[in-house]
Amino acid sequence: MKKTILLFIFCNIYQSLSAQKVINIDSSFYKKELLSLTEHTAFFLDSTHNLSIEAIREKEFQALSYLPEFDHFSRYAADIWLRFRLKNTSGDTLKGLFSAGGSFYTTLYVTHNSKIMKVADASRLMPDSRRPFRYDGAYIPIVIPSQATYTYYVRINQFSLKKVTIQPSLVTYKQEALNKEKTLYNDRFAMVINYSLIAILLFLGVFTLLQYVLNRQQYILYYSLYLFAMSAFAIWGFEHSPFVSYGIKYLPFFLTSLRQNFYVLVAQLFYFLFISHFLLYTHSHKFITQTIRFLLKSIGVLIVLELLLTIVLHQYDLEIYLSIFTQVYLSVFGCLVLFYLYQIKTQLAFYIKIGSTFLLLGGIFGFISSWLQWIPQSSDLLEHYPNVFFNSCILLEILFFSMGLVYKSVEVINQKNDLEQAVSVSELNILRLQINPHFLFNSLNSIKSYIIKNKIDEAADYLTDFSTLIRSILQKSREQVVTLHEELTTAQLYVKLEQLRFQKKFDFVFELSSDIDTKNIMIPALLLQPYIENAIKHGLANKPTKGILQLVVNDLDQYIEILIDDDGIGRTQARELKNNSDGHRSMGLKLNEERLKLLNKIHEWDIQYKIVDKFDTNNQPAGTRIILIIPK
C-alpha cells in the first residue's frame, strides 16, 4: 500500500517537473513556421474564477495532455491557467507572437528573478486600438533578451462559443502574416457571402425605415426592425473575425455580454409582429391570431430569461440550454404558424407564406448542419463560419418579403386613388348642393323685386354680391383646400346675401381670435356653407321673431375651433314642420360628413365636428350649435 502511494506521488512529481522543462529557443526560431509549446506546458483549473497570479504560482500544475475536454456546457466551469518556461540561448533578443490557440480572452504574465509582470490582455473581440497585436487579438507579442529564462503564466477565460481547444504556440511576425494571407484567400468566398448578406440587410433596413417615416405604416416599421435585428445577428458572428469591425468591438456589451441567442429572439419578435400587422387577420383566422399573440408573449419571456442569465447572473452554461430550447421552440411554433398561414388564400399572403417557409427551413437546416458539423464551423479567420443553408434561405426570404411589400404598396396606392376619385365625386355633389335651384331662384327673385320697386342701387349691390359669391364658389370647387381667410370671406358674403333675401330676419355676429393667422391655415374648401345654410333655412327662417346667427373662430393651441350658432327653432321642431321634404338638408349634411371622412383618410387630417341641440331654462329648443375642430 505504501509503495503504491509513493509511486503515485512520484508520478505526479515527475509530471510536474516534466511540464516545467525549459524550452530552449535560438535564432533558428525565425525559420520555423510554428513553435508548439504544448508538450512542455502545464495547466491548472481555477473553478473560483477569482484566484490572483500570486495564488496561482503556489498551485500544483499538471501536464497539458491531462486537460479534460470542454463541451458546450462545461466550458464556463473554470478558468484555465497555463505555465511554461522559455530560455533564449542565442546572443540576440528574440521576438515572437504567443497564442493560446483560439478566440479566448487571454492574459499573459511573465516572471523573472521572482518578479511578476503583466504583459498584456488579448482577445479577438477587442477593438484594433486596444489589442497588443493590432492585426489579430489571438496573439500577444513577447520579447526574450539574450540568455534570459522567463516563466510565463497564461489565464484563459471568456471562452469562444466553438469547441475549446488549447494549443499554446509561438510564431514569428512574418509567419503570422503569411498564415493570415493564406487564410484570407481560403475564406474569400465566405467573407464575400457574409459582407453581401449584411450589406443587403442594412440597406433594406434603412430603406424600409425611411418608407415608414413617409407612410407611417406600422408593419413597415416592424419589418425594418426585423432587418436590423437580422443584421445584428450576422454582424455579431462576423465581428469575431480579427479582420472585421462594424464598431461593435467598441461596445463590448453587445458583443460579449449579449449572446447570439438574444439577437435570434429579437429578430423573431419583430418577424411575428410584422406578419401579424402585414396580413391584418380577420375573425375567420382567429387561431393564427391567438397563436401569434401567445408566441409574442413567450418570446418576450425568453428574452427576459436570456438577459437574466447573461447580463445579471452571468450563467453562460445555463444560457446554452436556453439557446438550444429556443431553437427547438421557435422551430415547432414556426411550423404551426406556417400551417395557419397556408390557410389564408390571398395574393398578399402568398409572399409571406413562401418567405416564411424559406426562413423556417433556413433556421432548421442551419441549426442541424451546425450541430452535426455538416459544414465548416470555423477557421483561423472566421470563428463563426457562414452557414450556407441559413444565408441562402435568408436571402430568398428577404426577396419574397420585399415582393410582398411592393405588392402591398401597389394596393395602398390603388386604394388611395379610389379614395381620391370618391372625393372628386363628393366635391361635385357638394358643388351641386352649394348652387341649388332654390338659392338661385330666390336670389334672382330678390333682384327682380328690387328692380320692380325701383330700388336700382339695392338691386345693383345685391347683383354684385351675388355674382361675386357664384364666382368664388366656382373657383373654390376646383380646389380641395383653401386658406381660412378665403373660406371665412366666402361664408360672410353668403350670409350677407341671405340676410338681404330674408329681409334682415336675423342678425349676424362674426368673431375671430386675434391670435389666428387666417392666411396661413388651410382647411377644406366650402366646408362651412352647408352648415350655415341649414342654420338659416331650417332654424332662423321659421322663427317667428328676429334671430341671431353667430360665426366664432377660436384658437386652441394646435387646433382652431369654429362655432356656427343659431337661436332658431331647433332640429326637433324643424323635423316636425317637414321643411326638408326635398331631401336637400339631410343629403347636404350627409355628403359633407362623408367628404370630411374621405379627406381625413387621404390627408391624415383630424377634423372633428359635433352638433349640439340647445335648450332654454324651460327645456324648450333654443337653437343649434355646430362645433368644428380643425388642426392648424
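Residues in the chain average 51 Å² of solvent-accessible surface per residue, probe 1.4 Å, ligands and nucleic acids excluded. Treating the angle as unsigned and between 0 and 90°, give the value, to the nearest 10°, between the Cα long axis of helix 188-215 and the longest Cα principal axis of the chain. Tilt relative to the chain: about 20 degrees.
Computed over segment 170-248, the Cα gyration tensor eigenvalues convert (square root of 5λ each) into semi-axes of 37, 11, 8 Å, ordered from largest to smallest.
Taking amide H atoms as placed 1.01 Å from N in the peptide plane, the amide H of Ile548 lies under 5 Å from those of Asp507, Asp567, each 5 or more residues away in sequence or on another chain. Which residues among segment 596-632 fall inside the zone where the amide N is under 15 Å from a point 7 Å beyond the Cα of Glu420, along Cα→Cβ? The answer is 599-604, whose backbone nitrogens lie closer than 15 Å to the label point.
Over all pairs of distinct alpha carbons, what does the Kirkwood formula give as the hydrodynamic radius of the chain, in Å? Spell out each step's value before the answer.
Values: mean 1/r = 0.0311 Å⁻¹.
Kirkwood hydrodynamic radius for the chain: 32.1 Å.
Taking all protein chains in place and a 1.4 Å probe, what share, in percent, of the accessible surface of the chain do carbon and sulfur account for?
58 percent
Rounded to the nearest 10 square angstrom, Val612 shows an accessible area of 50 square angstrom against a 1.4 Å probe. Under the simplified labelling scheme, the Asn619-Ser257 pair shows an inter-label distance of 6.7 nm, with each label point 7 Å from Cα along Cα→Cβ.
Taking the charge dipole of the chain about its Cα centre, with +1 at Lys and Arg Cβ atoms and -1 at Asp and Glu Cβ atoms, the residue from Val213, Val301, Phe325 reaching farthest to the positive side is Phe325.
222 nm [θ] for the chain, helices only, -39500 (n - 2.57) per DSSP H run of 4+, per residue, to 500?
Values: 16 runs with 316 residues, N = 632.
Only helices count here, giving -17000 deg cm²/dmol.
Remark on segment 282-384: ratio of C-alpha radius of gyration to 2.2 N^0.38 Å is 1.33.
Computed from point charges on the beta carbon alone (+1 for Lys and Arg, -1 for Asp and Glu), the dipole magnitude for the chain about its Cα centre is near 1020 Debye.
The values are calculated or read from the model by the stated rules, or taken from the named source; none is laboratory data. It should be emphasised that the depicted structure is a prediction, and the values quoted were computed from it without experimental measurement. Note that each Cβ is placed from the backbone with ideal geometry, even for glycine, and that neighbours are counted across all protein chains shown. Please note that ligands, DNA and RNA were not included when accessible areas were found on the heavy atoms of the full protein model with its side chains. Shrake-Rupley method; radii C 1.70, N 1.55, O 1.52, S 1.80 Å.
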